[in-house]
Amino acid sequence: MVVFFLLLSSRCFAQNKSIGSGARQQIDAGNQAWIDGIKQRRVALVAATYTLDAVDCSPAGDCIRGRTAIEEHLQEEMAKLGKANSASVTSIGSTQQGRFIYEWGQAEAHFSHGRKIVDRYLTTWHAQPDGTWKIFRNLVIPNR
């Protein structure tokens, strides 16, 4: 039984690998697109980071499916919030498994009327056929 678990564990670890510099640069650029998009109120910058069939979920578990629907939702939210005075994304960790990279961290934005967004996230980036990396799944982690 012990040997079975050791083999299973080593197999799981063997499937994970460090992220290549090209993928890391694209993920960092995607995170920067969120920062720039929310500060400039340019929804298209943020929406372009998602795959066509992406799913974006709120902390309550409400999910929006598809880039077009995500873009429409972002447009509505930015209309309510306005431009952010400041914004940041802090990537705390990531791991790659095949054509997927799992990244987690925190995104923040502060607005002139005192409203702020502080969200912990888990994002799945997916390698596209053209070599780019786009958001396939995004989950905002609830504060519980």
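Take every DSSP beta bridge with both residues inside the chain and express the antiparallel ones as a percent of the total, to the nearest 5. Taking every DSSP beta bridge within the chain, about 90 percent pair in antiparallel fashion. Averaged per residue, the chain has 61 square angstrom of accessible surface, using a 1.4 angstrom probe with ligands and nucleic acids left out. The order of Leu74, Leu52 by accessible area, most exposed first and with a 1.4 Å probe, is Leu52, Leu74.
Surface composition of the chain: carbon and sulfur make up 55 percent of the accessible area, probe 1.4 Å. In order along segment 102-119, the Karplus-derived 3J(HN,Hα) couplings, from 6.51 cos²θ - 1.76 cosθ + 1.60 at θ = phi - 60°, round to 9, 10, 9, x, 9, 10, 9, 8, 10, 10, 4, 7, x, 6, 9, 10, 9, 10 Hz, and Gly and Pro are given as x.
Couplings 3J(HN,Hα) of segment 77-82, computed from phi: 5, 5, 5, 6, 8, x Hz, in residue order, whole Hz [Karplus 6.51 cos²θ - 1.76 cosθ + 1.60, θ = phi - 60°; x for Gly and Pro]. Applied to segment 30-42, the Karplus parametrisation 6.51 cos²θ - 1.76 cosθ + 1.60 on θ = phi - 60° returns per-residue 3J(HN,Hα) values of x, 5, 5, 4, 5, 4, 5, x, 6, 6, 9, 6, 10 Hz, with x for Gly and Pro.
The values are calculated or read from the model by the stated rules, or taken from the named source; none is laboratory data. This structure is a prediction, so every number in the text was calculated from the model and none was measured. For the accessible areas, the whole protein counts, side chains as well, though only heavy atoms, and no ligand, DNA or RNA atoms are used. Shrake-Rupley method; radii C 1.70, N 1.55, O 1.52, S 1.80 Å.
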